[in-house]
Amino acid sequence: MPTTQTKELTKPRMVSGDSPWLSPWLIIGSVGLLAVILAVIAFRHMDREKRFMETSLAAQAHMLMESLEAGSRTGIMGRMGWGRNHLQMLMEQTAQEPHVLYLRLVDQKGRVVLSSNPEEAGQEMPPQSPAEAGGHVFSDFQGKKAFEVSRPYEPWARCAVTSRGPCSEDRGGHGPGMGRGPGGERANPFPEAGPLRLVVGLDATPLQEALRQDLAHNALLLSILFLLGATGLIALFWAHGYRLARQSLRTMQRMTEAIFARMPVGLIATDRHGIIRRTNPAAQSLLGPRAAPVQRLTELPALETLRHRLEKGEDPIEENIVCGTERQRPLPLLIHATTLKDPGEEIAGFAFLLSDMTALHTLEQKLRRHERLAALGKLASGVAHEIRNPLSSIKGFAAILARKAGDDPTAQDVARTMTHEVDRLNRVISELLEFARPAELDPKPVRLRDIIQHSLKLVEKDAHHAGVHLGVDIVPPDLEAVLDADRFAQVLLNLYLNAIQAMDRGGSLTVRAFMDQGELRVAVEDTGPGISPEALGHIFDPYFTTKPNGVGLGLSIVHKIVDAHGGEISVDRADGVGTRFVIRIPQRDAAPIHHREVESP
């Protein structure tokens with residue numbers, strides 16, 4: 001997986017629990033702020049209502065005062081004998097109006113001069129600063145709350161400006177307590193009291209009741225708005241948290257799917273009955289290109305056996321098995337099997353991790369083969385040196401025997417046979433020593449066409465006698481690779497000779513060379529009878545041969561030289577369809593793959 005993708009997958013994502021927008025303190029603060037805002041709005045509304053009602057009561061009180069003063073002026077201007085008793089009667093009549101508790105006429109010391117309640121006359125009332133200043137106050141009166149308003153009382157000072165004319169007009173005498181003042185104006189009926197103030201007390205019970213109702217109404221409305229607002233805020237936070245949770249879930253799902261799809265090992269997930277629910281691409285690749293229709297583990301007997309073991313409580317299981325279906329060849333697999341449990345600790349399904357052990361097994365086989373060949377090489381080297389010395393003596397004795405035989409044909413034939421067998425045995429020992437000796441290479445950039453054509457010229461005569469056609473396909477024609485030219489030519493020569501010897505009835509031998517994904521590929525193909533399946537796994541073993549006169553070291557030496565180049569050699573075709581040896585040698589520079597017609601060398 002690329003590094004950028006790895007960083008993207010491993011980068012921590014913000015989930016709902018980490019988001020500051022879902023902090024409980026933020027929710028509490030938001031709801032508290034909403035409560036404060038609603039409380040301020042309700043308080044301002046109640047205060048406005050209270051001021052409006054107080055203004056209304058104050059206007060009502062001032063209207064009563066205006067009426068009382070207007071009545072007083074009318075009495076002063078229109079009747080003879082207007083005085084204290086008439087004003088007392090007017091105040092008592094005015095106090096009969098609904099919601100009017102009392103009217104008082106007080107002097108500057110707070111003594112009641114006249115009152116709608118005659119019992120209060122002469123009493124001293126405590127001064128009320130707001131009322132004195134022309135405002136209003138609330139006071140207690142006979143168990144009720146009174147709304148009290150006051151202002152100066154001077155009806156006689158205003159009568160001179162009325163439309164009826166001056167108050168000094170004499171209409172038939174003087175009333176009790178009334179006299180004339182300077183300039184012809186009627187005098188103040190209470191000259192001894194000084195400046196007077198008229199105090200009106202209205203019943204504030206309706207105001208208080210309305211305020212209580214307004215308070216209850218506002219409290220109810222505030223509670224409803226608070227509940228609706230708090231519910232809305234919490235719902236918004238929950239919706240935001242839900243969106244974050246879904247986004248986090250989608251992110252986790254994408255990450256899980258990416259990991260699931262890019263796992264280098266196969267994964268098969270089943271339910272508790274063994275029905276396959278999920279397989280990743282690696283598992284499908286291991287089970288074969290048509291493995292997707294596999295629906296139950298019963299089609300994979302090895303995995304079904306592991307499932308039964310898991311059901312019996314053997315968990316987890318790690319085992320090397322050979323797994324295959326009717327559609328796919330068996331594969332060596334390392335299986336990690338485990339149970340999947342639900343929150344109630346009941347078995348909900350099973351998971352199987354499949355690791356392809358083919359490469360590891362191949363590596364183990366190569367290692368064992370190298371160890372075996374190394375031991376064999378050491379043994380062969382020692383034995384060859386021990387055998388070669390007697391062979392020289394035997395060959396010398398055969399030459400002496402041939403000279404002393406003279407004309408004896410039997411002796412001459414024995415001498416020739418001894419020499420021939422000694423030479424053959426010496427060649428075997430030379431090959432054995434070549435096999436045992438470490439492959440020392442001298443790799444250099446070479447043109448593949450030169451190596452292939454040179455090696456083919458060495459077998460042209462043998463191919464012509466066997467009726468074998470030779471072909472070459474090198475792409476591109478000037479293809480170069482880093483190789484030990486002599487050693488690689490030896491590899492090709494051994495493969496040519498084996499192919500020509502296998503085609504005793506004629507055929508064709510083709511050599512192909514090209515670059516593929518950074519490695520040199522050289523294929524040697526023939527149309528002979530092929531290699532039997534029994535022999536296919538042993539063809540590179542030393543001294544394994546199917547030819548009557550073969551030694552069995554040719555392909556072993558080929559394998560050793562290819563391995564020394566850091567490459568691999570394999571056989572691609574089976575019995576009955578010819579044989580193709582493919583050599584793969586890694587190269588630092590890769591060339592694109594091209595295709596061209598096979599040409600003769």
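The values are calculated or read from the model by the stated rules, or taken from the named source; none is laboratory data. Owing to the predicted nature of the structure, the values given are computational and were not obtained by experimental measurement. With ideal geometry, Cβ positions are generated from the backbone for all residues, glycine too; neighbour counts draw on all protein chains shown. Note: accessible area is taken over every heavy atom of the protein model, side chains too, but ligands, DNA and RNA are not part of it. Shrake-Rupley method; radii C 1.70, N 1.55, O 1.52, S 1.80 Å.
Here are a few things to note about the model shown:
- Distant-in-sequence amide contacts of residue 468, defined by a placed amide H-H separation under 5 Å and a gap of 5 or more residues or a different chain, comprise 507.
- Residue 52 contributes an accessible area of around 130 Å² to the protein surface, as traced by a 1.4 Å probe with all chains present.
- For the residue pairs 461/560; 378/547; 50/145; 457/547, the C-alpha atoms sit more than 19 angstrom apart in 461/560; 378/547; 457/547.
- Within the accessible area of segment 423-536, the carbon and sulfur atoms contribute 49%, probe 1.4 Å, all protein chains present.
- Across the protein chains, with a 1.4 Å probe defining accessible surface, the residues 420, 308 rank 420, 308 from largest area downward.
- Derived scalar couplings between HN and Hα for segment 331-337 equal 10, x, 10, 9, 9, 10, 10 Hz in order, rounded to whole Hz, by the Karplus curve 6.51 cos²θ - 1.76 cosθ + 1.60 (θ = phi - 60°), x for Gly and Pro.
- Evaluating 6.51 cos²θ - 1.76 cosθ + 1.60 at θ = phi - 60° for every residue in segment 360-374, the Karplus couplings come out as 5, 4, 4, 5, 5, 5, 4, 4, 5, 5, 5, 5, 5, 5, 5 Hz, glycine and proline recorded as x.
- Segment 231-238 - phi-based ³J(HN,Hα) in whole Hz, Karplus 6.51/-1.76/1.60, Gly and Pro as x: 4, x, 4, 4, 5, 5, 5, 5
- Whole-angstrom gap from segment 354-417 to segment 513-573, using each part's C-alpha centre: 21 Å
- Put a plus charge on the Cβ of each Lys and Arg, a minus charge on the Cβ of each Asp and Glu, and nothing anywhere else: the dipole of segment 451-547 about its Cα centre is then about 300 debye.
- Here segment 343-473 is assigned +1 on the Cβ of each Lys and Arg and -1 on the Cβ of each Asp and Glu. Its dipole about the Cα centre then comes out at about 720 debye.
- Long-range HN-HN contacts of residue 102 with modeled amide H, under 5 Å: 201
- Ranking 336, 99, 465 by solvent-accessible area of protein heavy atoms (1.4 Å probe, all protein chains present), from largest to smallest, gives 465, 99, 336.
- For a straight C-alpha distance cut-off of 19 angstrom, the lysines reachable from residue 404 (same-chain residues fewer than eight places away being disregarded) are 395.
- Given a 1.4 Å probe and the protein chains as shown, residue 226 ends up with an accessible area of around 60 Å².
- Residue 296 long-range amide H proximity, modeled H, under 5 Å: 276
- Cβ charges +1 (Lys, Arg) and -1 (Asp, Glu), total dipole of segment 336-416, debye: 820 debye
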